[in-house]
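Peer 1: Below: one structure in structure tokens.
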Amino acid sequence: MPVPAPPTVEKSSRRQFLKVGAGFSAAIACSALLPSLTGCSPASTPPQAGMAFLRPADVALFRALLPAVVSELESVDPAQREKRIAAAVQNIDGSIAAMGLNGRAELRKLLDLLASTPLRWALAGLRAPWDQATPEQVRGFLTRWRTSRFETLNAGGVVLVKLTSVGYFVLPDAWAAAGYPGPNPAVYRAIHS
């Protein structure tokens, strides 16, 4: 009597992929459905005052990301740090507002996903709201996403880090830490005269 062959890795990985995909789909569906049933839909939340795109939950996320991504912020005095973080969040908002409609729509999905407490806990590993997360916790979240076997999480982590770092390092106060001496004054005057 022939012995049946053990299941192949290909079948197992396909089955696992389908299970994970179904789980993510259900989680996203629930996160979209529950708030709308209770009248607390994030889609009805307007941007934070002074922002073109970012909602209050998005601002809290980027304020948590900045000290985790830009390590120099930990050594800056608190008043200067707050000023730089506020300016960087404004830059991030401006960058997102300047994106195309499709890019903004995809980013909105990611930000809404991370604003949902159950999904933030399941996908980012953070139970606390973003404004209570430590830089170490946020770095752990980013590391998990960058090393995830799911390309969607990898891409989401890359987008968050790029938006955060570019939003910060365009600030003239941050140029020295990046080793950028600033624009050549003669060239700058020639272009802007």
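Peer 1: Quick one: which residue in TYR168, TYR180 is out of contact with any Gly (no Cβ under 9 Å at 6 or more places or on another chain), among the hydroxyl-bearing types (Ser, Thr, Tyr) and open to solvent by less than 20 Å² (accessible area, probe 1.4 Å)?
Peer 2: On the way: TYR180 fails: open to solvent by less than 20 Å² (accessible area, probe 1.4 Å).
Result of the check over TYR168, TYR180: TYR168.
Peer 1: Which residue pairs have Cβ atoms closer than 7 Å, lie 6 or more positions apart in sequence or on different chains, and pair a first residue in segment 68-80 that is at positive phi and in contact (Cβ under 8 Å) with a residue 24 or more places away in the chain with a second residue that is in a helix (DSSP H, G or I) and open to solvent by 40 Å² or more (accessible area, probe 1.4 Å)?
Peer 2: Going by the 7 Å Cβ cut-off, there are no qualifying pairs.
Peer 1: Also, quick follow-up: How many of the residues making up segment 170-193 are in a helix (DSSP H, G or I) and either in contact (Cβ under 8 Å) with a residue 60 or more places away in the chain or farther than 24 Å from VAL89 by Cβ (or both)?
Peer 2: Filtering segment 170-193 down to residues in a helix (DSSP H, G or I) leaves 172-178, 185-191.
Now narrow it down to the ones that are either in contact (Cβ under 8 Å) with a residue 60 or more places away in the chain or farther than 24 Å from VAL89 by Cβ (or both): 173-174, 177, 185-191.
Of the residues in segment 170-193, 10 are in a helix (DSSP H, G or I) and either in contact (Cβ under 8 Å) with a residue 60 or more places away in the chain or farther than 24 Å from VAL89 by Cβ (or both).
Peer 1: Taking GLY157, is it out of contact with any Gly (no Cβ under 6 Å at 6 or more places or on another chain), part of a loop (DSSP other than H, G, I, E, B) and either more than 21 Å from LEU126 (Cα to Cα) or open to solvent by less than 60 Å² (accessible area, probe 1.4 Å) (or both)?
Peer 2: Working: out of contact with any Gly (no Cβ under 6 Å at 6 or more places or on another chain): yes; part of a loop (DSSP other than H, G, I, E, B): no; either more than 21 Å from LEU126 (Cα to Cα) or open to solvent by less than 60 Å² (accessible area, probe 1.4 Å) (or both): yes.
When the stated conditions are applied, GLY157 does not pass them.
Peer 1: Here's a follow-up. Only residues that are open to solvent by less than 30 Å² (accessible area, probe 1.4 Å), within 21 Å of ALA97 (Cβ to Cβ) and outside any helix (DSSP H, G or I): list them for segment 54-76, please.
Peer 2: LEU54 - this is the single residue of segment 54-76 that is open to solvent by less than 30 Å² (accessible area, probe 1.4 Å), within 21 Å of ALA97 (Cβ to Cβ) and outside any helix (DSSP H, G or I).
Peer 1: Let me ask something else. Is it the case that THR152 is at pLDDT below 95, open to solvent by 70 Å² or more (accessible area, probe 1.4 Å) and within 16 Å of THR45 (Cβ to Cβ)? I'd like the intermediate steps shown before the answer.
Peer 2: Values: at pLDDT below 95: yes; open to solvent by 70 Å² or more (accessible area, probe 1.4 Å): yes; within 16 Å of THR45 (Cβ to Cβ): no.
Here the answer is no, as THR152 does not meet what is asked.
Peer 1: Could you check how many residues of segment 109-130 are open to solvent by less than 60 Å² (accessible area, probe 1.4 Å) and either touching a residue at least 24 places away in the same chain (Cβ under 8 Å) or hydrophobic (A, V, I, L, M, F, W, C) (or both)?
Peer 2: Here is the first cut: in segment 109-130, the residues open to solvent by less than 60 Å² (accessible area, probe 1.4 Å) are 110-116, 119-120, 123-126, 128-130.
Now narrow it down to the ones that are either touching a residue at least 24 places away in the same chain (Cβ under 8 Å) or hydrophobic (A, V, I, L, M, F, W, C) (or both): 110-116, 119, 123-124, 126, 128-130.
Number of matching residues: 14.
The values are calculated or read from the model by the stated rules, or taken from the named source; none is laboratory data. Small disclaimer: the values here were computed from a predicted structure and weren't measured. Ideal geometry is used to build each Cβ from the backbone, glycine not excepted, and the neighbour counts take in all protein chains shown. Side chains are part of the model used for accessible areas, which takes the heavy atoms of the whole protein and leaves out ligands, DNA and RNA. Shrake-Rupley method; radii C 1.70, N 1.55, O 1.52, S 1.80 Å.
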